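Data block below; observations after.
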């Protein structure tokens, strides 16, 4: 692909999205609630587009496509199980939203700290989120580096791609906090969905249309259309991969924090429904993309090459190839900027705010703005170092974040849940995940680290809670929240 | 009332989750065509959209 056109595409993308970020500077940006939650006044459509762009990273058109190439239709199942898990928003969304409106929580960890009446709970959850999400951002940044490098045959070096992605993510989150993230996310979501859909339709048309396309798969790669198929997606592998992602909408703070933002419960509903429609299309498109690579280039050395190979093939016109590449770049940046902003709010509110007692809202915001570039630089350094440690932590991220899930369920559904239960379950659960990932040991029953992390943290949370004393009054406040309570909130 | 409805929806949800795991690994393992697991999981996704539409229809009313 011509480097000239890649640069032109990248420059146009930067100029337009920066323009959008700058014009999004409206409303109150001088307090924590305004900067990190948009004053809890976000409308449904923007929330939906931003939720989509934040959730779906470069993984979809590169990683998921590669997974489809390698393991077949099981990759679709993997993504659909995640998709089903988003329904947890229907259960937890109104509770988060109502609790946030009533008490002014800025982060899920702050809310849990209050529910369990323990600042240590807030700090431990915030720190464990940072531990797993900074390496995850680093891998996203590295993804951009590899993408630009691969598309231009090394004319754009790895580091240049990583620098571009870091600076953009930082600017999008810094310029107007969540407002610039949401507006640029929305633009990027639209670019992602339109470009990928067009290119997939074009490629399938080039391969002889849907029916011929599936006939080719059936004749030459029949294993790819069933599970376990070629054996890649054995049931235990499938279960181990999907379980952490099933709880993604709760366990990942950059998306669960979104539950505080819509201006109304109606807006929250529109966010959920809008996301589901977007996710349905984007998932099918990404999987069909992977299948197209399999039908066109069945003998690639590694599945990672599926997307670059297809993009630079005769099936995709060069200009469209550049546009899709920008779509993938946008998918990565829109995920990283949201994570940066959320981690900055977690650190300033739950770590700094608790360590240094009595700090004002303005001071916390100032710390948040200072910490934002520091987190970005850390992610950049991790991406540049290409350390094995980082990729292990990144793979462990979905598994590592899952250990907070029992505590989240306990917040709203179990009045016996205690701070000691949360602290021990999150700490020991995270250690279990890290041991499994770092040692590369074969976990019992062949179930992955996330499954064991969830089992261990659930058992510990229940047992320790039962032998310690719960804050009954506070617990009941949370357990008794009902959707109808929203009527009392103005 | 809210609790009763919640239990009903919760049961429906758990059934959908179990089917999404089991059907492709049992009834559809030998169906090597687009109308096998590919279609099944796509339909599950549509069912989930409908499910969420119904569960949240009274939000904010």
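The values are calculated or read from the model by the stated rules, or taken from the named source; none is laboratory data. Model, not experiment: these values are computed from the prediction. So basically every Cβ, Gly included, is an ideal-geometry build from the backbone, and we count neighbours across all protein chains shown.
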Collect the residues in region B:20-34 that are more than 9 Å from chain A (Cβ to nearest Cβ) and either modelled with pLDDT under 95 or exposed (fewer than 14 other Cβ atoms within 10 Å of the Cβ) (or both), keeping them in residue-number order.
B:22, B:26, B:27
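Which residues, counting only those in region A:471-490, are assigned to a loop (DSSP other than H, G, I, E, B) and either within 10 Å of another protein chain (Cβ to nearest Cβ) or under 32 Å from the mean Cα position of the chain (by Cα) (or both)? Talk me through it step by step, then tell me what you get.
Kept after step one, since they are assigned to a loop (DSSP other than H, G, I, E, B), are these residues of region A:471-490: A:471, A:480-482, A:489-490.
Listed by number, the residues that qualify are A:480, A:481, A:482, A:489, A:490.
For every residue, the table says whether it meets (1) out of contact with any helix residue (DSSP H, G or I) (no Cβ under 9 Å at 6 or more places or on another chain); (2) surrounded by 21 or more Cβ atoms within 10 Å (Cβ to Cβ).
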{"residue": "A:444", "(1), (2)": "no, no"}
{"residue": "A:451", "(1), (2)": "no, yes"}
{"residue": "A:459", "(1), (2)": "no, no"}
{"residue": "A:462", "(1), (2)": "no, no"}
{"residue": "A:465", "(1), (2)": "no, yes"}
{"residue": "A:471", "(1), (2)": "no, no"}
{"residue": "A:475", "(1), (2)": "no, yes"}
{"residue": "A:480", "(1), (2)": "yes, no"}
{"residue": "A:484", "(1), (2)": "no, no"}
Candidate set: region B:35-45, residues that are part of a helix (DSSP H, G or I) and facing another protein chain (nearest Cβ under 7 Å); chosen: the one surrounded by the fewest Cβ atoms within 10 Å (Cβ to Cβ):
B:42
Which listed residue, of A:165, A:155, A:142, is in contact (Cβ under 8 Å) with a residue 60 or more places away in the chain and part of a loop (DSSP other than H, G, I, E, B)
A:155
Which one of these does residue A:353 not meet: (1) closer than 14 Å to residue A:169 by Cβ; (2) touching a helix residue (DSSP H, G or I) at 6+ places or on another chain (Cβ under 7 Å)?
(1)
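Answer yes if at least one residue in region A:78-89 is within 12 Å of another protein chain (Cβ to nearest Cβ), assigned to a helix (DSSP H, G or I) and more than 19 Å from the chain's Cα centre (by Cα), and no otherwise. Working first, answer last.
Step one: list which residues in region A:78-89 are within 12 Å of another protein chain (Cβ to nearest Cβ), which gives A:78-89.
Keeping just the survivors that are assigned to a helix (DSSP H, G or I) gives A:78-85, A:88-89.
Those still in the list that are more than 19 Å from the chain's Cα centre (by Cα) too: none.
Among the residues of region A:78-89, not one is within 12 Å of another protein chain (Cβ to nearest Cβ), assigned to a helix (DSSP H, G or I) and more than 19 Å from the chain's Cα centre (by Cα), which makes the answer no.
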Can you find even one residue in region A:201-218 that is under 29 Å from residue A:254 (Cβ atoms) and more than 19 Å from the chain's Cα centre (by Cα)?
no
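How do the helices (runs of 4 or more DSSP H) wholly within region A:186-289 filter down when requiring 1 or more residues that are buried (at least 22 other Cβ atoms within 10 Å of the Cβ) and more than 10 Å from chain B (Cβ to nearest Cβ): which remain? First the steps, then the outcome.
Working: elements: A:209-220, A:235-246, A:248-251, A:253-256.
By residue number, A:235-246, A:248-251, A:253-256.
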For residues that are free of Cβ contacts under 8 Å to residues at least 24 places away in the same chain and facing chain A (nearest Cβ under 7 Å), scanning just region B:47-58, find the one that is nearest to residue A:482 (Cα to Cα).
B:56
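Scanning for something closer than 28 Å to residue A:14 by Cβ and modelled with pLDDT under 90, does region A:293-305 turn up at least one residue? First the steps, then the outcome.
Here is the first cut: in region A:293-305, the ones closer than 28 Å to residue A:14 by Cβ are A:304-305.
Going one step further and asking which of them are modelled with pLDDT under 90, we end up with A:304-305.
Scanning region A:293-305, I find at least one residue that is closer than 28 Å to residue A:14 by Cβ and modelled with pLDDT under 90, so the answer is yes.
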For region A:21-32, does any single residue satisfy the condition of being closer than 24 Å to residue A:279 by Cα and surrounded by fewer than 22 Cβ atoms within 10 Å (Cβ to Cβ)?
no
